[in-house]
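One structure is given below, encoded as structure tokens.
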Amino acid sequence: MSIETVMQIGLLLLSFTSVSALLVTKFNKKFEDGIAVAPLLIILILYLFSLVGLLEIGLYLSYVLIIACYGLAIYSFVRSSEKASLLKNFFTPAALVFFLSAIIIFIMCRNNVVLWWDELRLWGAYPKVMFHEDALPLFLQNRMWEDMAEYPPGMQLLQYFGLKFSFSFHESVLYIVYYWFMLTLLVPIISFIKKKESASGYHWGSPSYIVAILILQSRFYHRSGSVL
């Protein structure tokens, strides 16, 4: 595993948690309340800019907003008189589930490669074209792509965002971004699971089932380039 890959995944993880960090420190929300906002906002920004042929500008704007989120989050935390409460809201059971799951998914998907027909012709090809051209594919009118031309490239734009943290195209990032995004949508559910009376004061059964299903899918649904 190269240092470049570690930095790429680390920056991607920081991007996914940027808005959540701001909501915790500025508005005293819990970590899981805003974990899905950042990736959805990134998709929206890139999509709007891609429509006018300025995808790369949208990418840089996303970087600026992420940095601004952390800057404001740090400023709010330093100025706050309730630091203990803010830390408690950030390091919630849902946050622990998110970070542990993200690490496990990264380990399981780090060698994944694009192999299937649908992946080769669209799922993997679409973000690869955007990665090299910094624009939406211009060959959507090709007969092979006609049935997909009406689908907004939401996931592909998020994958493009993750890929651009490196100078090289890494197929494994396609899968990591995909499953991390799914994780951001599942983690908020944990906050709605009622606590049960137990020695720990928290029932981990349901969150464990959610994470297990996601991790098993990430390991066996797509074939990997090497044995884990």
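The values are calculated or read from the model by the stated rules, or taken from the named source; none is laboratory data. From a predicted model like this one, the values you see are computed outputs, not experimental measurements. FYI the Cβ positions are ideal-geometry reconstructions off the backbone, even for glycines, and counts take in every protein chain you see.
For Ser76, state whether it is among the polar types (S, T, N, Q), at pLDDT 95 or above and farther than 21 Å from Gly10 by Cα.
It is true that Ser76 is among the polar types (S, T, N, Q), at pLDDT 95 or above and farther than 21 Å from Gly10 by Cα.
Could you go through region 157-168 and let me know if any residue there is modelled with pLDDT under 90, surrounded by 15 or more Cβ atoms within 10 Å (Cβ to Cβ) and over 15 Å from the mean Cα position of the chain (by Cα).
no
In region 79-90, which residues are closer than 16 Å to Lys29 by Cβ and part of a loop (DSSP other than H, G, I, E, B)?
If the condition is that a residue be closer than 16 Å to Lys29 by Cβ and part of a loop (DSSP other than H, G, I, E, B), then Ser80, Glu82 are the ones that fit.
For region 79-108, how many residues meet the condition of being more than 15 Å from the chain's Cα centre (by Cα) and closer than 14 Å to Thr184 by Cβ?
1
Exactly one condition in (1) of a type outside the set (Lys, Arg); (2) at pLDDT 95 or above; (3) over 28 Å from Asn112 (Cβ atoms) is false for Leu54; which is it?
(2)
The rows are residues; the columns are (1) modelled with pLDDT of 90 or more; (2) basic (Lys, Arg); (3) in contact with a Lys or Arg (Cβ under 6 Å, 6 or more places away or on another chain).
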site: Asn89; (1), (2), (3): yes, no, yes
site: Ala95; (1), (2), (3): yes, no, no
site: Asn111; (1), (2), (3): no, no, no
site: Arg121; (1), (2), (3): no, yes, no
site: Leu136; (1), (2), (3): no, no, no
site: Arg143; (1), (2), (3): no, yes, no
